[in-house]
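Here's the structure we're looking at; comments come further down.
The values are calculated or read from the model by the stated rules, or taken from the named source; none is laboratory data. Source: prediction; values computed, not measured. No Cβ is skipped: glycine too gets one built from the backbone with ideal geometry, and neighbour counts run over all protein chains shown. We work out accessible area using only protein heavy atoms, side chains counted, and drop any ligands, DNA or RNA first. Shrake-Rupley method; radii C 1.70, N 1.55, O 1.52, S 1.80 Å.
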Amino acid sequence: MDNQSDITTASKKTIYKEVMTQLAAIIQDEKNVTARLVTTICLLHHAFDYYYWTGFYLVDPDTPDELVIGPYQGTLGCLRIPFGEGRVKGVCGAAAASGQTVIVEDVHAFPGHISCDSRSQSEIVVPVFSPDGSLFAVLDVDSTDIGSFCDVDQANLELIMSRMVV
Ligand code: SME
């Protein structure tokens, strides 16, 4: 295998299943959202070699058209990302504004990508919703390889995120 992204889809599925089992055991009865978010980031970040930066950007209740940095693991992340009409920034802003998962195969080809760390080459951003359906946050995962994320990552991360805020 040439790089960390050469993990097979079967291996990805197995690891996501293990992470979900661990998450269920650890946070199922925990209502505190910070405890749930940090635990999820820790488990995901250490489960996959290709997860280089793993974190949440939260909708800021004081400025609801802006995301602010939340729990993360990895190198220094930028603090704020706007996503209001006419001022959408970056992959995180695009996912927050559309409410849809965004997979970026090559960050250099994504107009407006925000480069917090020049080693990041590909990324996936998954929206996280509150039980009332409003946007709560986005999950951002970056890899140092091109094309690390696929529909297996999307399906599993969307499932994990659908259980995040209770
Ligand atoms: N690349 C993201 C910004 C966050 S960092 O990667 C941690 C973006 O374009 O939204």
Worksheet entry | Residue among I114, I81, I124 that alone is within 8 Å of the ligand (Cβ to nearest atom) and surrounded by 20 or more Cβ atoms within 10 Å (Cβ to Cβ) | I81
Discussion item. Among the residues in region 147-164, are any at pLDDT below 95 and either surrounded by 20 or more Cβ atoms within 10 Å (Cβ to Cβ) or closer than 24 Å to I15 by Cα (or both)?
Written reply: yes
Worksheet item: So, of the residues in region 111-141 that are touching a helix residue (DSSP H, G or I) at 6+ places or on another chain (Cβ under 8 Å) and among the acidic types (D, E), which turns out to be farthest from C92 (Cα to Cα)?
Response: E123
Worksheet entry | Residue that is touching a Leu at 6+ places or on another chain (Cβ under 9 Å) and either open to solvent by 20 Å² or more (accessible area, probe 1.4 Å) or closer than 21 Å to V33 by Cα (or both), where the choices are I69, I103 | I69
Worksheet item: Across region 84-102, which residue is farthest from the ligand (Cβ to nearest atom) among those that are on the phi > 0 side of the Ramachandran plot and in contact (Cβ under 8 Å) with a residue 24 or more places away in the chain?
Response: G99
Practice prompt. Can you confirm whether region 41-51 contains a residue that is under 25 Å from G147 (Cα atoms), surrounded by 20 or more Cβ atoms within 10 Å (Cβ to Cβ) and without any contact (Cβ under 8 Å) to a residue 60 or more places away in the chain?
Written response: yes
Worksheet item: Just one of S134, S148 is more than 8 Å from the ligand (Cβ to nearest atom) and touching a Ser or Thr at 6+ places or on another chain (Cβ under 9 Å); which is it?
Response: S148
